[in-house]
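The structure appears below as structure tokens.
Bear in mind that the values in this text are calculations on the coordinates, not laboratory data. Everything quoted here is computed from the prediction, not taken from an experiment. Ideal geometry is used to build each Cβ from the backbone, glycine not excepted, and the neighbour counts take in all protein chains shown.
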Amino acid sequence: MEESRVLHSGMFRAVLAILQWWGFNVTVIIMNKWIFQKLEFKFPLTVSCVHFICSAVGAYIAIKLLKIKPLIEVDPEDRWRRIFPMSFVFCINIVLGNVSLRYIPVSFMQTIKSFTPATTVILQWLVWRKYFEWRIWASLVPIVGGILLTSVTELSFNIFGFCAALFGCLATSTKTILAESLLHVYKFDSINTVYYMAPFATMILAVPAIVLEGSGVMNWFYTHQSIYSSSIIIFFSGVLAFCLNFSIFYVIHSTTAVTFNVAGNLKVAVAVLVSWLIFRNPISALNAVGCAVTLSGCTFYGYVRHKLSQQPAGPGTPRTPHTPRSRMEMLPLVNDKQEV
């Protein structure tokens, strides 16, 4: 009886964790699109900067004041040698995600972001010459095929938004690969990741945001009608960006790796559905099929990676690299994977 109660309690906690993760993730994505489209605040660098500042403050409060997680001490040299480059790539990832949201629908952007597993494998194979079994390559076929079908049939296709989302996948993959070296030394969680990366990201992005968008932001403040309510929405999107990271920390510790992977792909489907209900962007039947194929491929990819990671390696047999549980916490402040 006691064992059954514990099992049900664990399942309830896992479901609750997944639902709040979905809620924060979808809300952040929809709010960003709302800011660009409805509030006409067309400044992705500034929005990203607001998110980084809120996340840096939130992580400081969570670790230093509330002591929700202990601070992981990092050698000062490693902060610049390891964390700064990762923060730079991470910054590019977030900016490209917000830029793509300005030009293409949420549904299309989220589908393209699902291409990340393929870019990660290809990047590791080309640059680091890592070995991957044929099953890994086979699992990428539906992902690539689904992306191609979705792109060809996208009614609101924009080449600039498409390229921004695609290069965002490359940035996400690069950040994940860079995180490997960091996690060999430090067992980071999502809150400590934000604590160290968000200040660097703010520092990197502040000058370009001021130079490229400063005059436009000031003009928006002087000409926009509902300045106070709009400013609150922009600030609140930054608060939710930090909450998304906290929810990732919670969901990882409440579910298994396979559940996390499947829930992540279902979350994309939820984001696509909610965005369509709000913005009513046109989606053709073939476009919906392409999105479904891509998400199915991502789920299959996660399943294959998990099964291969459970297999004992024979003598002289190269192992397929697999994602340790701790590395799943190295997720973006916004989107992801993901991508926050």
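Couple of notes before you dig in:
- Theoretical gain in end-to-end length, residue 227 to residue 130 [0.36 nm per residue, Cα-Cα removed]: 29.8 nm
- Modelled spin-label separation between residue 69 and residue 296, with each label point placed 7 Å from Cα along the Cα-to-Cβ direction: 3.6 nm.
- Residue 130 long-range amide H proximity, modeled H, under 5 Å: 125
- The calculated Kirkwood hydrodynamic radius for the stretch 11-329 is 20.5 Å, given to one decimal from all distinct C-alpha pairs.
- 12 Å beta-carbon shell around residue 85, net charge (K/R +1, D/E -1): +3
- Ordering 105, 36, 210 by the projection of their Cα atoms onto the charge dipole of the stretch 11-329, which places +1 on the Cβ of Lys and Arg and -1 on the Cβ of Asp and Glu, puts 105 at the extreme positive end.
- Within the stretch 100-164, the proportion of Cα pairs with more than 13 Å between them is 65 percent.
- Close lysine pairs were tallied over the stretch 28-176: pairs 8 or more places apart or on different chains with Cα atoms under 22 Å apart number 5.
- Hz values of 3J(HN,Hα) by residue in the stretch 195-201 - Karplus curve (6.51, -1.76, 1.60), Gly and Pro given as x: 4, 8, 8, 4, x, 4, 4
- Spin-label model distance (nm) - residue 13 vs residue 273, 7 Å beyond Cα toward Cβ: 2.8 nm
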